[in-house]
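What follows is a short report on a single structure.
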Amino acid sequence: MPEFIYDIPLRQLAIYTSLAAVSAFIIGLLLIKPLLRLLFGTGPDFNETLGVSTSAFNLFYGLLLGLLTVSAYQNNESVKHGILAEATALSQLYTSTESYPEPLHSELAGMLRDYVLFTIYRDWPAHREGEFLDGGGNRAGAIWQKLSSFEPQTRGQEVLHTAVVNAFQQFAAARQQRITGTQTEIPIVLWYAVLLGALMNLILLVLVKLRPRPHMLLGSISAFFLGVILFVIVALDAPLRGVNGLNPDPFVLLWEREMVLDEGLG
């Protein structure tokens, strides 16, 4: 998918894809249909023959669009769940650090705040470009090293430390799920199949033998819906990429509700 597609706001993208499909149909109807009619003829049973010959195409192309739509939606939801799970695990980690003795408590709290700010203001802009920075992984590794250096002295500290380690493991898994989302997208070879299929679908719409006005109306409706389906797939593809990518709202909420008041105290 061309990079500029990810920089178009959703509302404009919906308009562009729908208008592109309808415009392509109208151009084909006015300019290409006469040539195709000369090539294929216009017998009385033309529509019936066309319907029989294109039924398999419509079945497989509709199945392809349906599967890609579901796949793009599931990828989007998976990354969204990873973002929420990562922020939730960070919240649990941050709250649990209050039970650690000083100076470990202050050091861990400061490192967690630094990680959240880095994720919001550095990592997320990189995600918009389909990339991620090493700084987040380095910070997560430093937090783990700090936790590993703690040796519980009492049974209570041991229970607390075990819970914190489990929370960190959940955080690490969710973080990896988010990072994977920067590379999650429909393979380019499938996009070729989708776009070629859309072109063939429009050609078949143009070939139908109807009076001009009904043909214009019914064909435009079908082309418009095809454009809407393509818009949905494009909008859900690459969950973190571009202006329409998922936002770091869970991290922003975590910072504003739990961390910002402690800034400068750790």
Practice prompt. Would you mind finding the one in Gly135, Gly141, Gly110, Gly197 that is at pLDDT 90 or above and under 30 Å from Phe60 (Cα atoms)?
Written response: Gly197
Worksheet item: Which residues, taken from the stretch 127-151, are over 30 Å from Asn244 (Cα atoms), of a type in the set (A, V, I, L, M, F, W, C) and open to solvent by 70 Å² or more (accessible area, probe 1.4 Å)?
Response: Trp144
Worksheet entry | Subset of the stretch 210-233 [open to solvent by less than 20 Å² (accessible area, probe 1.4 Å) and within 28 Å of Trp191 (Cβ to Cβ)] | Gly219, Ala223, Leu226, Gly227, Ile233
Worksheet item: Can you pull out the residues in the stretch 9-36 that are open to solvent by less than 50 Å² (accessible area, probe 1.4 Å) and not hydroxyl-bearing (Ser, Thr, Tyr)?
Response: Leu13, Ala14, Ala21, Val22, Ala24, Phe25, Gly28, Leu29, Lys33, Leu36
Worksheet item: Can you name every residue in the stretch 85-117 that is surrounded by 20 or more Cβ atoms within 10 Å (Cβ to Cβ) and not in a helix (DSSP H, G or I)?
Response: Tyr100
Worksheet item: In the stretch 106-136, which residues are in contact (Cβ under 8 Å) with a residue 24 or more places away in the chain and more than 22 Å from the chain's Cα centre (by Cα)?
Response: Ser106, Glu107, Leu108, Ala109, Gly110, Met111, Leu112, Arg113, Asp114, Tyr115, Leu117
Worksheet entry | Residue check for Leu240: over 22 Å from the mean Cα position of the chain (by Cα), open to solvent by less than 50 Å² (accessible area, probe 1.4 Å) and modelled with pLDDT of 85 or more | no
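The values are calculated or read from the model by the stated rules, or taken from the named source; none is laboratory data. Every value quoted in this text rests on a predicted model; they were computed, and no experiment measured them. Virtual Cβ from ideal backbone geometry, glycine too; neighbours counted across all protein chains shown. We work out accessible area using only protein heavy atoms, side chains counted, and drop any ligands, DNA or RNA first. Shrake-Rupley method; radii C 1.70, N 1.55, O 1.52, S 1.80 Å.
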